[in-house]
Amino acid sequence: MADHLSDVPRDAMHRPIWMIVWPGLAGLVVFECIAWGLAPGLLGRPIEPAILVRQLVASLFDIDVGAVLAFLIHLASGLVVFPAGYVVLLAVFGLRPGLLSGVIWGVVLWFLAQGVFAPLAGRPFMMGFGQFTLVSLIVHTIYAVVVAAVYARLARRSVTPAF
């Protein structure tokens, strides 16, 4: 395990941007399909992270970013921010891309959404541990496993030299 970023293999932190974007795009497509397709049957409504984003920004900055911008922030997070966080997780903890690291990252994302961002937005911690919390765990974990799988495939095919 790396003690700090100077111990991280340089190659892990110098991947081309497409090594982040493609896994993020694949994960987002799956996330949105589950959130809008499967979740309504389980919860009676879709999972809409943009609502949490909107409430979080309003709570922290007293600004209403509106539904469209909140959705775009959600998309940007899933496309770039969260996949980049996955790469940092791999590098800092010396993990290999794959199923286990994907599950770990999914649980981290779920906890951030339900345990950190939801209370900051004025919602209950872990959304009260109801059915929504469980479905959110499943969706975030599936998203992260897809990100991990696509990243692992790209990393195996990458010929990017270390800097």
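One line per residue, one yes/no per condition, for (1) charged (D, E, K, R); (2) surrounded by fewer than 18 Cβ atoms within 10 Å (Cβ to Cβ):
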residue	(1), (2)
Ala113	no, no
Pro119	no, yes
Arg123	yes, yes
Gln131	no, yes
Leu134	no, yes
Ile138	no, yes
Val146	no, no
Val150	no, no
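Of the residues making up the range 102-138, those that are under 17 Å from the mean Cα position of the chain (by Cα) and of a type in the set (Gly, Ala, Ser) number 6.
Anything in the range 55-74 that is within 17 Å of the chain's Cα centre (by Cα) and either more than 30 Å from Leu90 (Cα to Cα) or surrounded by 19 or more Cβ atoms within 10 Å (Cβ to Cβ) (or both)? List them, or say none. Can you show your working first?
Start the filter on the range 55-74 by keeping residues that are within 17 Å of the chain's Cα centre (by Cα), which leaves 56, 70-74.
Leu56, Ala70, His74, listed by residue number.
The set of residues in the range 115-140 that are touching a Leu at 6+ places or on another chain (Cβ under 8 Å) and under 22 Å from Gly37 (Cβ atoms) comprises Gln131, Phe132, Val135, His140. The condition of being out of contact with any helix residue (DSSP H, G or I) (no Cβ under 9 Å at 6 or more places or on another chain), of a type outside the set (D, E, K, R), in a helix (DSSP H, G or I) and closer than 24 Å to Met127 by Cα holds for only one of Gly102, Gly37, Gly78, that being Gly37.
Selection of the range 44-68 for residues being at negative phi, in a helix (DSSP H, G or I) and in contact with a helix residue (DSSP H, G or I) (Cβ under 8 Å, 6 or more places away or on another chain) yields Pro49, Ala50, Ile51, Leu52, Val53, Arg54, Leu56, Val57, Ser59, Leu60, Ala67.
Counting only residues that are part of a helix (DSSP H, G or I) and either surrounded by fewer than 15 Cβ atoms within 10 Å (Cβ to Cβ) or without any contact (Cβ under 8 Å) to a residue 60 or more places away in the chain (or both), the range 89-99 holds 3 of them. For the range 12-31, a tally of residues being modelled with pLDDT of 95 or more and closer than 18 Å to Val103 by Cα returns 9.
The values are calculated or read from the model by the stated rules, or taken from the named source; none is laboratory data. Quantities reported herein were computed from a predicted structural model and do not represent experimental measurements. Note that each Cβ is placed from the backbone with ideal geometry, even for glycine, and that neighbours are counted across all protein chains shown.
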